[in-house]
Structure formats: C-alpha cells, structure tokens
1. Can you tell me how many residues within segment 27-60 are within 21 Å of residue 103 (Cβ to Cβ), out of contact with any strand residue (DSSP E or B) (no Cβ under 8 Å at 6 or more places or on another chain), open to solvent by 10 Å² or more (accessible area, probe 1.4 Å) and hydrophobic (A, V, I, L, M, F, W, C)?
2. Mind listing whichever residues of segment 5-26 are among the aliphatic types (A, V, I, L, M) and either surrounded by 13 or more Cβ atoms within 10 Å (Cβ to Cβ) or modelled with pLDDT under 90 (or both)?
3. Could you please find all residues in segment 121-131 being open to solvent by less than 50 Å² (accessible area, probe 1.4 Å) and either more than 17 Å from residue 42 (Cβ to Cβ) or small (Gly, Ala, Ser) (or both)?
4. If we keep just the residues of segment 61-78 that are in contact with a Gly (Cβ under 9 Å, 6 or more places away or on another chain) and touching a residue at least 40 places away in the same chain (Cβ under 8 Å), which is least open to solvent (accessible area, probe 1.4 Å)?
5. Filter segment 93-102 down to the residues that are touching a residue at least 24 places away in the same chain (Cβ under 8 Å) and surrounded by 14 or more Cβ atoms within 10 Å (Cβ to Cβ) and list them by number.
Amino acid sequence: MAPPRKQANAERRSREHLTPAEIDRLIGAARRLGRHGPRDAAMILLAYRHGLRVSELVALRREQVDLRQGLLHVRRRKHGLASTHPLRGPELRALRQVLRDAPETPYVFVSERKGPLTESTFRKLLARAGEAAQLGLPIHPHMLRHSTGFKLANDGQDTRAIQHYLGHRNIQHTVVYTQLAADRFNEFWDD
C-alpha cells in the first residue's frame with residue numbers, strides 16, 4: 001500500500017510553502033531564465049499574490065484583468081468561490097508588459113504559438129526557476145498558493161477574509177494556515 005501523499009511529500013520537502021524572501025528569489029531567478037523571463041516571473045507573482053492554482057493561472061483570460069481599475073476577476077476551480085482582487089503596482093507593471101508582448105490573444109499567458117500555456121509547462125518552468133534560485137527544496141505550483149495562505153495568516157489577516165481570498169468554500173481548508181502560522185506565538189513572552 002502506498003504511503004499517504006503528505007508523508008511522501010515530507011520525504012522530499014520539509015515544508016509545503018515558501019517565505020516572502022524565497023518568493024522574491026524565485027521571481028528574480030525566473031526573470032533571468034530564458035527569453036520568456038518577464039512572462040514567467042509575472043506568472044509566479046500572480047500565482048503567489050492571488051493564491052491561484054496552476055489551472056486557474058494558465059486559464060487566465062484578458063477579460064479577467066482590468067488594468068484601468070486595477071482589478072483581477074478570479075474564477076476559481078474545484079468548486080471554489082469566485083472573487084475580485086485588487087492588483088498592485090508590481091502586478092500591474094508585470095501584466096502590462098506581458099499583455100504588450102502578446103496583444104492578439106485571448107489568454108494572458110501564452111506560448112510562442114500564441115496558445116495558452118499548459119499546466120505542465122508552468123510546472124517545468126517553476127521547477128527550473130526553483131533550481132536557479134537555489135532554495136534547497138523542490139518547488140511545485142501549489143507551494144505558491146500555500147505561501148499566499150501563510151503570508152496572509154502571518155500578517156494577521158482575518159481567517160474569513162483569507163478563506164474568501166483563496167476561494168475556499170469550507171473554512172477548514174483555510175484554518176490550516178492560521179494553525180501553523182509561526183508569528184502567532186510572537187507575543188507569548190515579553191522579555
């Protein structure tokens with residue numbers, strides 16, 4: 001009988017999320033790799049900042065991005081709740097560049113043939129960026145979503161707000177981030 005998935009992952013990785021500093025290193029490494037560096041860096045930034053699943057990221061369409069108002073309309077997969085997120089300066093700049101480079105396509109992130117990138121392609125480019133960033137652990141797309149949850153929880157965001165931001169229908173999926181947030185212990189001792 002195969003071991004449960006979490007145990008198998010624990011043998012390969014000591015954790016399933018990245019710190020904000022590690023995310024910055026990952027984005028920087030992606031930006032420097034190959035001729036699609038700006039696109040790849042933008043994909044990682046959006047996946048992290050908005051807690052996007054890989055399927056949501058590669059399916060992102062132009063009509064979901066409102067650069068004028070600075071909004072991203074997130075369509076969640078896996079029966080998740082759709083929501084609208086604000087876009088900040090780094091995301092807006094990255095998206096403007098990506099959209100300028102592929103102006104005639106309905107998708108935001110496209111291949112050289114102007115078709116949407118595949119989930120497999122994103123997994124490979126993310127793993128390659130992780131190796132280049134020398135983070136010391138193998139990187140997979142869902143780590144970006146977990147990193148979002150932990151970042152928001154560590155920043156003291158309300159659990160219900162995180163639930164809606166990540167599109168979780170069941171709050172039990174969100175509570176994991178608040179239960180494991182290291183910063184929740186900071187005020188226990190005052191010496």
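The values are calculated or read from the model by the stated rules, or taken from the named source; none is laboratory data. These numbers were taken from a predicted model, which means no experiment stands behind them. Virtual Cβ from ideal backbone geometry, glycine too; neighbours counted across all protein chains shown. Side chains are part of the model used for accessible areas, which takes the heavy atoms of the whole protein and leaves out ligands, DNA and RNA. Shrake-Rupley method; radii C 1.70, N 1.55, O 1.52, S 1.80 Å.
1. Number satisfying all stated conditions: 1.
2. Filtering segment 5-26 for residues among the aliphatic types (A, V, I, L, M) gives 8, 10, 18, 21, 23, 26.
Hits for segment 5-26 are 8, 10, 18, 23, 26.
3. Residues of segment 121-131 that are open to solvent by less than 50 Å² (accessible area, probe 1.4 Å), as a first pass: 122, 125-127, 129-130.
Correct list: 127, 129, 130.
4. So the residue we want is 74.
5. Of the residues in segment 93-102, the ones touching a residue at least 24 places away in the same chain (Cβ under 8 Å) are 94-99, 101.
Listed by number, the residues that qualify are 94, 95, 98, 99.
Quick grid of which residues meet (1) open to solvent by less than 20 Å² (accessible area, probe 1.4 Å); (2) modelled with pLDDT of 95 or more; (3) not charged (D, E, K, R):
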residue: 104; (1), (2), (3): no, no, no
residue: 133; (1), (2), (3): yes, yes, yes
residue: 154; (1), (2), (3): no, no, yes
residue: 169; (1), (2), (3): no, no, no
